[in-house]
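Bear in mind that the values in this text are calculations on the coordinates, not laboratory data. Remember, it's a predicted structure, so these values are computed and weren't measured experimentally. Don't worry about glycine lacking a Cβ; one is built from the backbone with ideal geometry, like all the others, and counts go over all protein chains shown.
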Amino acid sequence: MATYNQLIHKYTKTFNDKGLSANMLKAFIFELCNDNNVNLYLEMDNECLPVIEEKYEEGVKRLLNNEPMNYVLGYSYFYGYKMLVNNDVLIPRYETEELVGLILSKYDEYYPKMNIDICDVGTGSGAIAIALKKEEDRLNVYASDISSEAVAVAKENAKLNDAEVNFMVGSMLEPYIENGIKVDVLVSNPPYIKNDETLENSVKDYEPHLALFGGDDGLKFYRIIFENALKVVKDNGLMFFEMGYDQKENLTNLAKEYFPNAIVEVFKDINKKDRMLMIKL
Ligand SMILES: C[S@@+](CC[C@H](N)C(=O)[O-])C[C@H]1O[C@@H](n2cnc3c(N)ncnc32)[C@H](O)[C@@H]1O
């Protein structure tokens, strides 16, 4: 039997040798402790509960294979809400929380206290749709993904967070067009990585490629959405997109081509990178 402290140190050198951050070990056991109502910092030198030790030993093997910790744990946090994740869904990113923040601030500006319809295209774990609904109950939220496995995870997350979201399975805007759904605000964090871009192993080997790659120039899904947007977004509606930090010029040109009379604006994230596109029709 080992103490929590001993378990953390047992693998520190192995992690360092592999170029992995040993802080991950502490973060990992901290989460396992939390799940089992153990306060790690008070119990550091006490014997580890067998159930935690077993999960830790098993999880460390996966972490050593570069598997992201959130997949090993089976959950992540987004905008303060717990989201279940597995290999069918992208682990929601911090940048995307900023997109949610931007949408909420623009909602206050353009639709103060109004009940409006909003859709999240390519919802994955459901993170954006669920966070928006939790933060602003006046929103009537739709969310869709081409992956039925992802939508199953998103539905579980909506239940876990007690959020009312209408989920659909289908490609890009098709489910909305087929069901005659029109929205005031369309949101999407589509796959936008160029097909030939090199990715970290932990992303390339574990995250769904369906969620990552956006064609040769990374803009394939924006084109598909822009082409059909007027069938789904109401007059004077808004669209919000996450984008790659180097896509500002190409993406704003594309947006202006499709929507010559719209206001097209790019917002920077906390790291001063161009990350969010807003189109006001
Ligand atoms: C970058 S991920 C975003 C996931 C989630 N919205 C988030 O921000 O964490 C892109 C999502 O688009 C979905 N997707 C890929 N191709 C699609 C298509 N043709 N139609 C609808 N969704 C698609 C993927 O399954 C994936 O869930």
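Overview of values
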| read-out | value |
| --- | --- |
| Taking the C-alpha atoms of segment 4-65, convex hull volume expressed per residue in Å³ | 66 Å³ |
| Cα-based radius of gyration of segment 72-163 once divided by 2.2 N^0.38 Å, which approximates compact folds | 1.04 |
| Average projected area [Cα convex hull, the chain], square nanometres | 15.7 nm² |
| Most to least packed among 71-77, 262-268 [average Cβ atoms within 10 Å] | 71-77, 262-268 |
| Amide H contacts under 5 Å for CYS48, placed H, 5+ residues apart | ALA2, THR3, TYR4 |
| In sequence order, calculated HN-Hα J values of segment 157-163 (Karplus, 6.51, -1.76, 1.60; Hz; x Gly/Pro) | 5, 5, 5, 4, 9, 6, 10 |
| Sorted peptide list for 238-248, 23-33, criterion being average Cβ within 10 angstrom, highest first | 238-248, 23-33 |
| Alpha carbon centroid spacing (whole Å) that separates segment 229-279 from segment 147-184 | 22 Å |
| Cβ-based net charge around VAL153, under 15 Å, with every Lys or Arg adding one and every Asp or Glu removing one | -3 |
| Ranked by how many other beta carbons lie within 10 Å on average, peptides 11-19, 272-280 from highest | 272-280, 11-19 |
| For the chain, share of DSSP beta bridges that run antiparallel, in % to the nearest 5 | 45 percent |
| Charge dipole magnitude, Cβ of K and R +1, D and E -1 - segment 4-65, Cα centre, debye nearest 20 | 360 debye |
| Listed residues TYR41, ASN5, ALA22: farthest to the positive end of the dipole of segment 4-65 (Cβ charges) | ALA22 |
| Nearest-0.05 FRET efficiency for ASN37 and ASP216, computed from C-beta distance (R0 45 Å) | 0.35 |
| Average Cα contact separation per residue, segment 4-65, under 8 Å, 6 or more apart, as relative contact order % | 39 percent |
| Contact order relative to length of segment 87-280, as percent, for alpha carbon pairs under 8 angstrom and 6 or more apart | 20 percent |
| ³J(HN,Hα) computed for each position of segment 7-14 - Karplus, 6.51 cos²θ - 1.76 cosθ + 1.60, integer Hz, glycine/proline x | 5, 5, 6, 3, 10, 4, 5, 4 |
| Qualifying GluC sites (Glu not before Pro) in segment 116-217, DSSP loop, other Cβ atoms within 10 Å at most 16 | GLU164, GLU197, GLU200 |
